[in-house]
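Working notes, beginning with the structure itself.
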Amino acid sequence: MADIEVDYCVVGAGFAGLTAALRLKQAGQSVALLEARDRIGGRTFTMVREDGSWIDRGGAWIGPGQDRIYALMDEFGVKSYKQYTDGEAMMVVDGKQYRYKGTIPLTMSPWAAANLGAVFVELGEMCKTIPLEAPWEAKKAAKWDAISLAKWLGDNTLSKPAHDLLETAIAGCYTSAASEVSMLFVLYQMASGGGPSFVLGVKDAAEDARPVGGMGAVYRPMAAAIGDALHLSQPVRDIAQDGDGVTVRSADMAVRARRAIVAVPLAIASQILYEPLLPMDRSFLHQRMPSGAVMKIAVVYDEPFWRADGLSGQSAAPDSPATVTIDASTDTGRPGVLCVIVEGPIARTLGTLSEAERKKAVLGELTARFGAKAASPVDYIEQNWSVERYSGGGMLSHAPTGVLTQFGHALRKPCGRIHWAGTESSSVMCGWVDGAIRSGERAAREVTEHDGALSPARAQ
């Protein structure tokens, strides 16, 4: 077993852990970054195809207000490009296709469109009442944490088409059924991004742009700057702390450090043994904030043929094997890539099918929406995050009813010499790569401030 002694040990090389390790190293601290996988990136994963084009198989989009991901991109000279939004989007409800521009499909019945708009406004007003650093202290926190998203939508959405679309769009963010997610958590997560229009929108919203080269164009130079402090294929088994420091162990490494930053999904953090045991509320938080099911499929064509047909590539169809689609082509526009995202119960159902059955079902849906050309892709690439051992499921751990008001206070609080990072712990842009970066910078500040060391450069 290799023994290493450093100032700080970081567990997990997604964007949160990479950022924490990078900022600590830039501040002159010695660091060891241990990653369970044989790759970096965590819940982001950029694949480069033989023709040089790239596919983001995990988190991919960036938007206004996400200042920390843009700062990292500037730091490493990574440019961005705008998401393709020309043409019409499509909703498929009860077998009927509605083409539209903007956020709300006004081509639906006036009643359904009005109901959608009213619910958007109401959600926005509710989000404004959420204190981001402590959502459990909101005036109506107890009321909202006692009900699920499904209950709230059932009580407030009177049009069935509007209800089905909203449930698909909102619950999809949490890769779970609407009945599994606390309404308070939904409001907190939406408020952290600026409200429902940002979370559910594309242009000038959460899917406004992408890094040229994908997320890998950002995380690869970060890893290069960290250098040999990064250790892959090192699943951490246990973390022991005492009065002088921590000892972090994998199967063949033992790292002794002043403090540790654990930057892995909440559902995975519980797989590490802690000695002594973590405080009760933190331990219970690990048990009570699960991830959901999500499958991301890249369907590749020679060109984005839907653009010539006047379509943006965006579509949504509740309870469909291709629930959501979006144009995921690179900045050059070739090849054409349709990204299919399937979440929650539908993703779990798809996961029980064979790959051939899934492909047939997905291509059938795409052909019904985009025409015969959709039936013959040149490549078909699946990423089932639901079965990723070191992700634990979807892109964001969620809080079921009762969790935030009981255990939310433990999200960011250090446990002795163990500090926490990860997008779920960010009060701004919770659930996005930007939130992960913010959490890594916060954790790097925390450990150095506790030890009176030099604060990390550029950490804001």
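The values are calculated or read from the model by the stated rules, or taken from the named source; none is laboratory data. Keep in mind that what you see is a predicted model, and the values were worked out from it rather than measured. Every residue, glycine as well, gets a Cβ built from its backbone with ideal geometry; the counts of neighbours run over all protein chains shown. The accessibility values were calculated without ligands, DNA or RNA, using every heavy atom of the protein model including side chains. Shrake-Rupley method; radii C 1.70, N 1.55, O 1.52, S 1.80 Å.
Assorted remarks:
- For the stretch 146-248: rounded, prolate or oblate by the Cα gyration tensor [a/c cutoff 1.5]: oblate
- Helix 183-192 and the long axis of the chain differ in direction by around 80°, with both axes built from C-alpha atoms.
- Tyr380/Asp51 FRET efficiency (R0 25 Å; Cβ-Cβ; nearest 0.05): 0.95
- Tilt relative to the chain, helix 110-127 - C-alpha long axis, 0 to 90 degrees, to 10: 20 degrees
- Per the Kirkwood formula applied to alpha carbons, the stretch 1-86 shows a radius of gyration over Rh ratio, Rg over Rh, of 1.04.
- Solvent-accessible area, 1.4 Å probe, carbon plus sulfur percent, for the chain: 51 percent
- Gyration tensor (alpha-carbon) shape descriptor, the stretch 238-362, a/c threshold 1.5: prolate
- Within the shell of other residues whose beta carbon sits under 13 angstrom from the beta carbon of Asp145, the net charge comes to +4, with Lys and Arg scored +1 and Asp and Glu -1.
- Amide H contacts under 5 Å for Asp238: Arg249, Leu273, restricted to partners 5 or more places along the chain or on a different chain, H placed in the peptide plane at 1.01 Å from N.
- Once the 1.4 Å probe is applied to the protein heavy atoms, the chain comes out at 39 Å² accessible per residue.
- Theoretical FRET efficiency, 1/(1+(r/R0)^6), r = Cβ-Cβ of Ser30 and Arg389, R0 35 Å, to 0.05: 0.75
- Neighbours of Val403 by Cβ distance under 9 Å: Lys/Arg scored +1, Asp/Glu scored -1, total 0.
- Taking every Cα-Cα distance in the stretch 258-312 and sorting them into 10 Å bins from zero, the calculated P(r) comes out as 16, 32, 14, 13, 16, 8, 0 percent.
- Between helix 160-172 and the chain: long-axis angle, C-alpha atoms, 0 to 90°, nearest 10: 20 degrees
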